[in-house]
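K.L.:
Quick one: this structure, given as structure tokens, is what I'll be asking you about.
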Amino acid sequence: MKEMMTNTPDEVIERSRKVAVDITSVKKAISKSTGQTMLAFNMKGRAITDKEFYDLTIVFYVNKKSEGEKEITFEQVDQWAPTWVRCSCPYFQFFVEYVLDRNGSTVLRKNVTDNKPPKIRNPEEIPYVCKHLYKALPMALAAAKKVK
Ligand SMILES: [Zn+2]
């Protein structure tokens with residue numbers, strides 16, 4: 001999460017100030033492939049200037065502190081936690097989805113993205129997030145810390 005936030009351009013951060021997001025659901029699950037506990041947030045967000053609400057997903061991955069630990073607590077989740085993201089907005093699709101997929105931080109949506117590098121919009125292939133996720137990530141992190 002830290003890297004995606006730090007890399008986000010100033011103009012996107014500026015626009016994120018006009019975004020409102022709400023958490024619509026929170027789910028806890030264990031990853032079958034890695035054994036990590038996952039905490040998934042579904043959210044809705046829009047800026048004042050957006051015509052519609054966009055769907056956001058944020059997943060934090062948490063390792064057990066020790067082998068003997070039975071129950072994962074999310075208090076230890078911080079901005080360094082491995083994080084998976086998705087937003088249904090066009091900016092996410094055209095500027096960062098391909099790059100975040102390469103980085104393991106999202107998965108390209110079939111039939112939505114044309115699976116090509118964003119040569120014009122993000123030629124250096126920097127992993128960052130759209131204004132909706134920029135607003136939503138710290139909110140999800142704060143909420144994660146309170147999940148039992
Ligand atoms: Zn977005």
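The values are calculated or read from the model by the stated rules, or taken from the named source; none is laboratory data. Fair warning: this is a prediction, and the values are worked out from it, not measured in the lab. Methodologically, a virtual Cβ is constructed for each residue, glycine included, from the backbone with ideal geometry; neighbour enumeration extends over all protein chains shown.
K.L.:
Confirm whether THR34 is surrounded by fewer than 17 Cβ atoms within 10 Å (Cβ to Cβ), modelled with pLDDT under 90 and either among the charged types (D, E, K, R) or more than 20 Å from LYS145 (Cβ to Cβ) (or both). Steps first, answer last, please.
P.N.:
On the way: surrounded by fewer than 17 Cβ atoms within 10 Å (Cβ to Cβ): yes; modelled with pLDDT under 90: yes; either among the charged types (D, E, K, R) or more than 20 Å from LYS145 (Cβ to Cβ) (or both): yes.
Yes; evaluated as a whole, the condition is true for this residue.
K.L.:
Counting only residues that are among the polar types (S, T, N, Q) and in a loop (DSSP other than H, G, I, E, B), which one in segment 1-31 is modelled with the highest pLDDT? I'd like the intermediate steps shown before the answer.
P.N.:
Let us first name the residues in segment 1-31 that are among the polar types (S, T, N, Q), namely 6-8, 16, 24-25, 31.
If we keep only those that are in a loop (DSSP other than H, G, I, E, B) too, we end up with 8, 31.
Numbers: THR8: 98, SER31: 81.
Checked segment 1-31; the qualifying residue modelled with the highest pLDDT is THR8.
K.L.:
Out of all the residues in segment 105-137, which are within 17 Å of PRO82 (Cβ to Cβ) and either free of Cβ contacts under 8 Å to residues at least 12 places away in the same chain or more than 10 Å from the chain's Cα centre (by Cα) (or both)?
P.N.:
The answer is VAL107, PRO127.
K.L.:
Any chance segment 111-123 includes a residue that's surrounded by fewer than 22 Cβ atoms within 10 Å (Cβ to Cβ) and among the aliphatic types (A, V, I, L, M)? Steps first, please.
P.N.:
So in segment 111-123, the residues surrounded by fewer than 22 Cβ atoms within 10 Å (Cβ to Cβ) come out as 111-123.
Next, only the ones that are among the aliphatic types (A, V, I, L, M) stay: 112, 120.
Within segment 111-123, one or more residues are surrounded by fewer than 22 Cβ atoms within 10 Å (Cβ to Cβ) and among the aliphatic types (A, V, I, L, M).
K.L.:
Filter segment 32-55 down to the residues that are outside any loop (DSSP other than H, G, I, E, B), without any contact (Cβ under 8 Å) to a residue 40 or more places away in the chain and more than 15 Å from the chain's Cα centre (by Cα) and list them by number.
P.N.:
THR37
K.L.:
In the set ALA142, ALA136, which member is at pLDDT 95 or above and more than 15 Å from the ligand (Cβ to nearest atom)?
P.N.:
Values: ALA136 fails: more than 15 Å from the ligand (Cβ to nearest atom).
Of the residues listed, the single one that is at pLDDT 95 or above and more than 15 Å from the ligand (Cβ to nearest atom) is ALA142.
K.L.:
Could you list, in sequence order, the residues of segment 115-130 that are over 14 Å from MET1 (Cα atoms) and either part of a helix (DSSP H, G or I) or within 15 Å of the ligand (Cβ to nearest atom) (or both)? Working first, answer last.
P.N.:
Kept after step one, since they are over 14 Å from MET1 (Cα atoms), are these residues of segment 115-130: 115-125.
Within segment 115-130, PRO118, ARG121, ASN122 qualify.
K.L.:
Let me ask you something else. Condition test on VAL112, is it within 14 Å of the ligand (Cβ to nearest atom), at pLDDT below 95 and assigned to a loop (DSSP other than H, G, I, E, B)? If you could, list the steps in order and put the result at the bottom.
P.N.:
Working: within 14 Å of the ligand (Cβ to nearest atom): yes; at pLDDT below 95: yes; assigned to a loop (DSSP other than H, G, I, E, B): yes.
So VAL112 passes the test.
K.L.:
Mind listing whichever residues of segment 74-104 are part of a loop (DSSP other than H, G, I, E, B), under 13 Å from the mean Cα position of the chain (by Cα) and more than 11 Å from the ligand (Cβ to nearest atom)?
P.N.:
Passing the criteria: GLN79, TRP80, ALA81, PRO82, ASN103, GLY104.
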